[in-house]
Amino acid sequence: MGIIAEKDKETIRDWFGQMTKPVHVVFFWSEAENKEYGEATKQILEELTELTDKLHLQVYRLDDPASGDVAARYGVDKAPAIVFTREDGEDTGVRFYGIPSGYEFTTLIEDIVDLGKGTHGLSPKTVEKLLAEVDKDVHIQVFVTPTCPYCPRAVRIAHFMAMVHPKIRADMVEATEFPELASQYNVYGVPKTVINDVEEQEGAVPEQVVLQKVLAAIR
């Protein structure tokens with residue numbers, strides 16, 4: 001029994017038809033951590049790879065010592081985790097921690113299409129500012145829940161920033177799957193964006209606001 005409805009598969013095939021280059025996914029799941037969500041996420045990704053020859057999937061078990069080098073390479077320390085890479089294995093900085101369900105399923109699809117087209121949704125001014133001023137590593141975490149209609153925009157802005165700057169890593173974190181992490185960052189409402197553990201932003205805000213938070217986090 002598939003997770004993605006047949007009618008939705010046709011729509012996704014059309015979206016994937018816009019892609020001009022391959023997109024590679026490295027997926028980590030665990031027997032010990034969020035196993036049910038990991039299995040469902042794996043199935044979603046497998047079903048998506050059947051809809052285009054441009055989406056490629058590698059699967060690893062995070063709790064398998066044989067996967068340790070791969071997990072360390074991409075800095076993955078929890079599961080389920082979706083990491084997008086380029087064909088040569090270079091990290092794009094785009095991450096999903098937790099199942100991309102509900103509103104975040106569309107975020108996943110849109111990210112795949114953007115990576116496959118080499119496009120993003122940031123303004124030229126924001127891109128110019130990021131490239132000119134970000135000279136240190138930036139880690140953006142966006143805490144979400146599947147039922148939050150405002151979360152996808154916050155995740156997409158963070159992912160766009162990772163797409164355009166090699167020093168930026170942007171994680172979608174499903175708060176209910178990682179409650180200890182959500183508690184650590186005092187996540188009482190979503191979306192909540194945390195940048196380098198020093199800057200925070202609650203709610204969905206324009207990209208210019210996130211940009212200023214990013215720049216403040218590295219000063």
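General observations
- Taking the protein heavy atoms of the chain in the context of the full set of protein chains, the accessible area attributed to carbon and sulfur is 48 percent at 1.4 Å.
- Mean residue ellipticity at 222 nm, helices only, the chain: -12500 deg cm²/dmol; runs of at least 4 DSSP H residues each add -39,500 (n - 2.57), and the sum is divided by the number of residues.
- Charge dipole magnitude, Cβ of K and R +1, D and E -1 - segment 127-182, Cα centre, debye nearest 20: 200
- Per residue, the accessible area of the chain comes to 47 Å² when a 1.4 Å probe rolls over the protein heavy atoms.
- Comparing VAL94, VAL209, VAL127 in a Gaussian network model of the chain, where Cα atoms under 10 Å apart are tied by springs, the biggest mean-square fluctuation is seen for VAL209.
- Within the chain: Cβ-based charge dipole about Cα centre, in debye rounded to nearest 20 (Lys, Arg +1; Asp, Glu -1): 680
- Recomputing percent of Cα pairs over 21 Å apart from the coordinates shown identifies the correct label among (1) 53; (2) 65; (3) 59 as (1).
- Comparing ALA40, ALA66, ALA175 in a Gaussian network model of the chain, where Cα atoms under 10 Å apart are tied by springs, the biggest mean-square fluctuation is seen for ALA66.
- GNM top mover of TYR103, TYR150, TYR188 - the chain, alpha-carbon springs below 10 Å: TYR188
- Pairwise Cα inverse-distance average, inverted: Kirkwood Rh of segment 82-210 (Å): 14.6
The values are calculated or read from the model by the stated rules, or taken from the named source; none is laboratory data. Here the structure is a predicted model, which is why all the values come from computation and not from measurement. Because the Cβ atoms are built from the backbone with ideal geometry, glycine has one as well, and the counts that use them run over all protein chains shown. Note: accessible area is taken over every heavy atom of the protein model, side chains too, but ligands, DNA and RNA are not part of it. Shrake-Rupley method; radii C 1.70, N 1.55, O 1.52, S 1.80 Å.
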